[in-house]
1. Solvent-accessible area per residue for the chain at a 1.4 Å probe radius, Å²?
2. In region 1-121, with Lys and Arg counted as +1 and Asp and Glu as -1 at Cβ, which of these residues, Val100, Thr51, Met22, has the Cα nearest the positive end of the dipole, that is, farthest along it?
3. Which percent of the accessible area of region 119-159 is formed by carbon and sulfur heavy atoms (probe 1.4 angstrom)?
4. With the convex hull built on the Cα atoms of the chain, state its orientation-averaged projected area in nm².
5. Between Leu186 and His154, what length in nm is gained on full extension when 0.36 nm per residue of separation is reduced by their alpha carbon distance?
6. For the chain, build the charge dipole from Cβ charges (+1 Lys, Arg; -1 Asp, Glu) around the Cα centre, then report which of Tyr144, Ser123, Leu78 sits farthest towards its positive end.
7. Any idea what the relative contact order of the chain is, in percent, if you count C-alpha pairs under 8 Å spaced at least 6 apart?
8. Counting other Cβ atoms within 10 Å, keep those with at most 12, restrict to DSSP loop, and tell me which trypsin sites (Lys or Arg not before Pro) in region 9-51 are left.
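The values are calculated or read from the model by the stated rules, or taken from the named source; none is laboratory data. Everything numeric in this text was worked out from a predicted model, so none of it was measured. We place every Cβ from the backbone using ideal geometry, glycine too, and count neighbours over all the protein chains shown. Just the protein is used for accessible areas: all its heavy atoms, side chains included, with ligands, DNA and RNA removed. Shrake-Rupley method; radii C 1.70, N 1.55, O 1.52, S 1.80 Å.
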Amino acid sequence: PYDISLGWRHSFGKHGLRVAAMVRGDSPQCDNMFLQTEYNNRRVEGIKLRTTLASDATYIYAPNQRFTLSATLFAAALVDDSDVIHYYDDLVGRYVDGVVSNIEYLSFGIEASANVRWSQYLSSNFLATAMRSRYIDNATVTLYADNDNSLIAHTTAEMKGHNTGTPELALYGDVELYAAGWRVRLAAYYCGYRYISPSYTR
């Protein structure tokens, strides 16, 4: 596993720019390295590091200490991810353990935020995010019988172009009161364009 991050920031007067990029390789979770972690010692073949590549660019405007506005463009790609699924397959009439590999998707969008200090004791935070998140390649699915690890099927899941199931519009706002050691916050959330995650086996 590894993690490499780079960043740059520059301020000029009331304005600021920030750019960041990273690449990270993560080991799969234990549940995704064995067909069945509770009673099966068979390891998944061809285990790879899941790789994340991400970057963002942010513009910051702070005319005074009471108001800060920022806008961020971001993009992130995940490649070589994997998953292990367990279910009863109606077509073969057996419980199966499925190894899903080559899971890859891309997310990109824009985020705007504002911080407002209304008074010494009252402040607010606002956030809006709009994004797209799509699978960029088809996944490979290998099915094994749960009782004896025998191979049932090796196929491709047509995932390319489908939504990942991530909400693509998010809004947030709050009002916070701080006085005499007490903090009270009223917050509102909204998530829209939430899609159902497609199934690798259907």
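1. 64
2. Toward the positive end, the furthest listed residue is Met22.
3. Carbon and sulfur together cover 52 percent of it.
4. If you wrap the Cα atoms of the chain in a convex hull and average its projections, you get 15.3 nm².
5. Residue separation times 0.36 nm, minus the Cα-Cα distance, leaves 6.4 nm.
6. Positive-most Cα among the choices belongs to Ser123.
7. 14
8. Lys14
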